[in-house]
Amino acid sequence: MNIFETDKAYVANTYARFPVELVSGKGSLVYDADGKEYIDLGTGIAVNTFGVADEAWINAVTSQLSSLQHASNLYYTSPCARLAEQLCMRTGMKKVFFCNSGAEANECAIKAARKYATERKGEDAYTILTLRNSFHGRTLTTLAATGQDAFHQLFTPLTPGFVHAPANDLAAVREIADSMPLAAIMFEAVQGEGGVNPLNADFVKGLVALAKEKDILLIADEVQCGNGRTGMLYGYMNFDMVPDIVTTAKGLGGGLPIGATMLGEKVENVFAPGDNGSTFGGNPAVCAGALNVLSRLDEDMLAGVRMRSEMIFDRLSSAPGVKSVSGLGLMIGIETEKDAGEVIAACRAAGVLVIKAKNKVRLLPPLNIPTDLLSRAIDVIKAACAD
Ligand SMILES: *Cc1c(COP(=O)(O)O)cnc(C)c1O
């Protein structure tokens with residue numbers, strides 16, 4: 001059997017994979033088993049922040065690997081403590097819980113919000129409001145949080161305690177907040193899986209006022225839009241606000257599994273020993289890699305993200321076959337006249353990897369993609385949309 005056949009025979013049938021076997025890469029280029037080269041504008045879904053086989057990141061990870069690959073949370077390790085310190089310094093958050101994925105980071109945020117609200121407002125104040133078209137993960141609880149009914153079917157009963165309102169509809173959010181005690185409102189600054197849609201600034205401003213008025217926690221799910229992706233360190237920084245809890249994962253690890261739940265002032269002391277835990281969370285090799293990623297997400301890097309973003313918007317916004325371009329920074333959705341799947345296949349045939357979000361073509365390039373490669377990729381996308 002070839003790899004396609006072996007995978008189909010033995011890997012659980014949960015993915016509709018593209019017909020490509022990736023074997024290696026360097027920077028923004030990846031190679032398949034036939035040696036075909038692709039410009040990678042998907043980065044393993046916003047994970048490979050600086051592309052593939054980035055030397056500084058490899059050095060950080062491998063030097064930690066060769067001294068201590070894992071310790072468990074029964075002991076102190078330096079990369080875990082230093083990464084938590086850096087995340088707090090860069091965001092103003094106060095404490096960090098580490099885990100291994102976005103869903104787990106959101107589970108931790110939900111636990112923190114429930115405990116905080118139960119203690120402050122009573123046992124009935126457990127409900128968390130999330131937005132329609134959001135995506136918060138695949139566990140039964142984060143699935144309940146995810147505001148897309150299509151994901152829910154056949155997996156009921158889901159964890160109770162979630163309600164949904166349309167994004168950018170403040171009146172709808174307020175109506176719910178007036179009708180029941182809410183523990184928290186959870187949102188993505190830019191909805192990723194939902195179609196690369198940024199929230200609008202007035203809506204976020206309204207959420208902040210409502211949260212303050214009713215002592216509702218604000219949870220920013222920065223799993224996809226965090227870690228420099230939108231041209232700011234975290235997506236919420238595009239808005240004039242500070243959440244109470246920030247979750248992140250994907251790009252923070254630069255290619256290894258990590259999740260982080262950052263707790264702000266209100267909730268920094270909500271947890272006591274035993275309230276949450278993770279065997280792998282805070283793993284020293286993963287944290288050493290994340291420290292390297294975070295240290296390089298400086299103002300220069302972020303300005304470079306915004307510059308590359310402008311280049312994409314400029315060249316695609318009114319291109320033939322393109323209906324609209326949405327997103328922030330290097331998190332971009334292209335609404336195409338042709339079926340998005342067709343455009344994605346045409347790009348792949350021409351050596352450019354892009355992915356899908358709802359009915360859009362989604363771009364999540366490496367944050368440091370060389371502009372000549374990005375330019376070549378844009379040409380390919382334009383051609384794929386046009387003819
Ligand atoms: C990917 C994603 C998640 C889930 O992350 P996993 O690591 O797959 O569990 C949660 N929230 C958002 C916004 C995401 O994009």
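Since every read-out is calculated from the coordinates, none of them should be taken as a lab result. Just so it is clear, the structure is predicted and the values come from calculations on it, not from any experiment. Reconstructed Cβ throughout: ideal geometry from the backbone, glycine too, with neighbour counts over all protein chains shown.
Here are the numbers:
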| read-out | value |
| --- | --- |
| Charge context of Lys338, other residues only, Cβ under 11 angstrom, K/R +1, D/E -1 | -4 |
| Value of [θ]222 nm, deg cm²/dmol, for the chain, DSSP H segments ≥ 4, -39500 (n - 2.57) each, nearest 500 | -11500 deg cm²/dmol |
| Mean Cβ neighbour count within 10 Å, used as a protection proxy, ranking 242-251, 85-94, 42-51 highest first | 242-251, 42-51, 85-94 |
| Charge-dipole axis of the chain as Lys and Arg at +1 and Asp and Glu at -1 on Cβ define it, positive-most pick from Ala303, Thr159, Val361 | Thr159 |
| Label point 7 Å beyond Cα of Glu337 along Cβ direction - residues of segment 365-387 with amide nitrogen under 14 Å | 382-387 |
| Set of segment 239-260 residues, backbone N closer than 16 Å to the point 7 Å along the Cα-Cβ line of Lys121 | 244-245 |
| Over segment 235-387, equivalent-ellipsoid semi-axes from the Cα gyration tensor in Å | 35, 17, 16 |
| Coordinate range along principal axes, alpha carbons of segment 186-271, Å, largest first | 40, 32, 20 |
| By average C-beta atoms within 10 angstrom, highest first, the peptides 102-114, 211-223 | 102-114, 211-223 |
| Gyration tensor verdict on segment 238-284 (Cα atoms; rounded if a/c is under 1.5, prolate if a/b is larger than b/c, oblate otherwise) | oblate |
| Sites Val23 and Ala56 - FRET efficiency at Förster radius 25 Å, r taken between beta-carbons, to 0.05 | 0.65 |
| Calculated diffusion of the chain, Stokes-Einstein form, Kirkwood radius summed over Cα pairs, 10 °C and 1.306 mPa s, µm²/s | 74 |
| Per-q log10 I(q)/I(0), segment 335-374, q = 0.23, 0.34 Å⁻¹ (Debye; single scatterer per alpha-carbon; no solvent) | -0.78, -1.12 |
| Cβ-derived FRET efficiency at R0 35 Å, Glu175 paired with Asp240, nearest 0.05 | 0.90 |
| GNM top mover of Ala350, Ala290, Ala184 - the chain, alpha-carbon springs below 10 Å | Ala350 |
| Histogram of C-alpha separations across segment 125-246, 5 Å bin width, % | 2, 12, 23, 25, 20, 12, 4, 1 |
| Debye log10 I(q)/I(0) for segment 38-117, one point scatterer per Cα, at q = 0.15, 0.17 Å⁻¹ | -0.81, -1.01 |
| Distance between modelled label sites at Ala12 and Ala150, nm, 7 Å Cα→Cβ extension | 2.1 |
| Theoretical gain in end-to-end length, Ala345 to Ser375 [0.36 nm per residue, Cα-Cα removed] | 8.9 nm |
| Spread of Cα-to-Cα distances over 10 Å intervals beginning at zero, given as percent, for segment 133-204 | 19, 50, 30, 2 |
| Volume per residue of the C-alpha convex hull in segment 179-232, rounded to whole Å³ | 100 |
| Share of alpha-carbon pairs per 5 Å distance bin for segment 67-170, given as whole % | 2, 11, 16, 17, 17, 16, 10, 8, 3, 1, 0 |
| Of Pro160, Pro198, Pro19, the one that fluctuates the most in a GNM where the chain has Cα springs shorter than 10 Å | Pro19 |
| Equivalent ellipsoid semi-axes - Cα gyration tensor, segment 4-151, angstrom | 34, 26, 15 |
| Among Ala84, Ala345, Ala150, residue whose mean-square fluctuation peaks in a GNM of the chain (springs only between Cα atoms under 10 Å) | Ala150 |
| Aspartates and glutamates with Cα under 20 Å of Lys360, excluding same-chain neighbours fewer than 8 positions away | Asp40, Asp149, Glu188, Glu193, Glu310, Asp314, Glu335, Glu337, Asp339, Glu342, Asp379, Asp387 |
| Protection proxy ranking, peptides 140-146, 355-361, average beta carbon neighbours within 10 Å, highest first | 140-146, 355-361 |
| Within segment 286-312: backbone nitrogen closer than 17 Å to the His70 label point (7 Å, Cα to C-beta) | 286-289 |
